[in-house]
Amino acid sequence: AGSTYLYFGGPPLEHAALVIEPESNGDEGCRLVRPVLGPEDKVWFGPVPTDDELSAACGIDRSRFMTASDLEWLLAGYEAAAIVPPAPQSIARAAELGLPSANEQEIRTIVDMRLIKDEHELDAMRRSAEIAIEAHRAALAACVPGGREADVAAAFTAVLVANQSAPSFNPIITIHGEVLHSEGHPHDLRDGALLLIDAGAEEPTGYASDITRTVPINGQWTPMQRQLYEIALKAMESAIAASVPGRRFREVHDVAAGVICEGLVEADLLRGDPAELAARTAHALFFPHGIGHLIGLDVHDMEDFGDLAGYPPGRTRPTEFGTKFLRLDRDLAPGMTVTIEPGIYLVPAIWATDDLVRPFADAVNRAKVEALLETEFGGIRVEQTICIRESGPPEVLTEGLPSAPDEIVQLLGSHARER
């Protein structure tokens with residue numbers, strides 16, 4: 001079911017719709033429409049809740065079965081209607097019915113409503129975070145040299161199933177952390193390599209969590225692995241501390257970028273003044289994405305609305321490499337839930353693209369970068385899901401999973417074997 005449909009009270013039913021009418025119409029207000037089911041459907045899907053049962057469970061005014069033609073007849077009775085979300089199939093069907101899809105103002109109104117989570121929603125997100133933390137612990141316990149990414153993924157997913165939950169997205173569990181959205185889990189766990197686990201849960205009512213941790217598979221950090229992990233961790237902690245009401249999210253990204261530039265200069269991967277390097281976006285060579293995104297009923301919340309969710313009127317997505325992947329640039333407000341997820345990566349495709357590297361030739365220790373690329377270093381990311389409070393630092397919904405380098409390795413199966 002679509003997240004906007006769920007937000008306005010729709011139960012998770014296939015091919016159902018909510019029809020919401022203004023009170024001035026003197027009609028039902030909100031009605032659930034679902035397909036007519038025949039005896040054959042009940043053979044496949046079992047007993048179906050009655051209209052009264054669904055109405056009571058969802059708090060809506062009325063539920064009824066309708067055929068597609070019934071729904072078209074209902075919508076034809078309105079002078080104007082908007083189909084939400086503006087997915088291609090919705091737009092095409094609305095055009096067939098002579099109805100508009102939702103316009104920008106209507107979408108922005110929905111975005112404004114969904115941006116701020118109430119306590120009921122936050123409780124669901126806390127439950128989602130708890131399930132994801134338990135699943136991450138199981139995944140880390142399955143991490144041993146000679147094992148498989150697939151073993152770790154299976155351990156993670158088993159916890160979700162046991163909690164009647166699902167992955168909030170296809171889990172990224174990979175020794176190739178430099179591939180930001182790695183697909184599948186085909187690799188063996190190589191002794192000495194890093195394993196990146198970026199995965200979350202979707203609890204039964206649909207709310208998502210998102211957590212990333214990166215660990216040395218054998219439980220022992222190399223000096224360079226630890227140094228770069230601690231840079232990413234400091235960037236995350238600094239960005240979280242900066243996530244206060246009224247702060248522009250682009251500024252939170254810039255805080256993390258500044259910390260990363262400082263650390264990369266100390267690691268002798270970049271050379272120069274850290275503040276100047278950050279202003280030039282030199283960090284994008286190692287941190288080529290944004291600091292985070294909205295999260296709620298979607299793990300990338302409301303991105304079916306495009307940049308109308310992440311960018312308010314008057315702001316547009318940057319065009320330069322790295323920051324053009326910043327999914328969010330709103331002013332933070334109490335009740336907003338976002339992720340904070342800096343990373344440091346050695347991406348071969350970046351270093352093989354002269355147009356990306358040439359502007360920073362004076363600032364890069366290319367010999368040291370090439371040496372790391374030779375080792376198949378991969379990538380590091382560390383991520384928390386947070387909620388902005390009325391004042392002060394945010395609530396970290398996912399803080400129950402350790403992130404400090406000496407603590408996270410204690411959860412590894414490889415470490416347990418040594419004990």
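The values are calculated or read from the model by the stated rules, or taken from the named source; none is laboratory data. Computed from a predicted model, the values in this text were never measured in an experiment. Here the Cβ positions follow ideal geometry from the backbone for every residue, glycine too, while neighbour counts run over all protein chains shown.
Details
- Residues of region 196-226 satisfying the condition of being farther than 20 Å from Gly343 by Cα and out of contact with any Ser or Thr (no Cβ under 6 Å at 6 or more places or on another chain): Pro204, Thr205, Gly206
- Helices (runs of 4 or more DSSP H) wholly inside region 186-287 containing at least 3 residues that are under 20 Å from the mean Cα position of the chain (by Cα): 223-241, 249-266
- Summed over region 120-164, the residues that are touching a Lys or Arg at 6+ places or on another chain (Cβ under 8 Å) and under 20 Å from Thr339 (Cβ atoms) give a count of 3.
- Residue count for region 295-324 satisfying the condition of being in contact with a Ser or Thr (Cβ under 9 Å, 6 or more places away or on another chain) and basic (Lys, Arg): 1.
- Against the numbered list (1) modelled with pLDDT of 75 or more; (2) in a loop (DSSP other than H, G, I, E, B); (3) surrounded by 11 or more Cβ atoms within 10 Å (Cβ to Cβ), Pro47 comes up short only at (3).
- Filtered residues of region 228-256 (kept if without any contact (Cβ under 8 Å) to a residue 60 or more places away in the chain and among the aliphatic types (A, V, I, L, M)): Ala242, Val255
- Counted residues, region 335-378 - those being within 18 Å of the chain's Cα centre (by Cα) and either modelled with pLDDT under 95 or among the small types (Gly, Ala, Ser) (or both): 2
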